[in-house]
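Scroll down for the structure; my scribbles are underneath it.
The values are calculated or read from the model by the stated rules, or taken from the named source; none is laboratory data. All figures in this text were calculated on a predicted structure; none of them were measured in a lab. Glycine gets a Cβ as well: all are built from the backbone with ideal geometry, and neighbour counts include every protein chain shown.
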Amino acid sequence: MAFNVVTLPVMVLFIANGFGQLFYAIKLKRKFPEEHNIINSYISFFLWIIAGLLFPFIYSTDNSHIRLFQAYSTFFICIFTPGFLFLILYYQYRILKKNPEIKERRTFSFFIEEFNNPISKSKNKPANTPSI
């Protein structure tokens, strides 16, 4: 088995993600008792916990190459991906803060109005496209 301390942050992140999703699912079940399917959330919670517990044992041997791959996976799972997602969300926050009209256009009601409006469909369709 290739359990290594390098894999500990990934284990903690997976288990914390499982509990975070369970907490959010319980909040959704309280808010929408009829619409929310809590069984899917429980399954997702258990899968995250199992993935966190089994992650260090993915590799069957322990050598310098395996430790390098474990270090790479820890870097990408715990540092690079969350940092990249944070930058994307921060960029969107800054753009929406500067342009409030974009925020108004990104509402569900506006989407439904535009989706159901046949005039907007003909405006967005290129002129040389055949109609079906």
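Quick grid of which residues meet (1) at pLDDT 90 or above; (2) among the charged types (D, E, K, R); (3) within 20 Å of the chain's Cα centre (by Cα):
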site: V5; (1), (2), (3): no, no, no
site: E35; (1), (2), (3): no, yes, no
site: I43; (1), (2), (3): yes, no, yes
site: L47; (1), (2), (3): yes, no, yes
site: I58; (1), (2), (3): no, no, no
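Going residue by residue through the range 78-90, is there one that turns out to be touching a residue at least 60 places away in the same chain (Cβ under 8 Å), surrounded by 11 or more Cβ atoms within 10 Å (Cβ to Cβ) and not basic (K, R)? Taking every residue of the range 78-90 in turn, at least one turns out to be touching a residue at least 60 places away in the same chain (Cβ under 8 Å), surrounded by 11 or more Cβ atoms within 10 Å (Cβ to Cβ) and not basic (K, R).
Restricting attention to the range 1-57, the residues being farther than 21 Å from L68 by Cβ and touching an Asp or Glu at 6+ places or on another chain (Cβ under 9 Å) number 1. Each residue in the range 48-79 was checked for being in contact with a helix residue (DSSP H, G or I) (Cβ under 8 Å, 6 or more places away or on another chain) and within 15 Å of M11 (Cβ to Cβ), and 14 pass.
A residue that is within 30 Å of L8 (Cα to Cα), modelled with pLDDT of 85 or more and within 23 Å of the chain's Cα centre (by Cα) cannot be found anywhere in the range 91-113.
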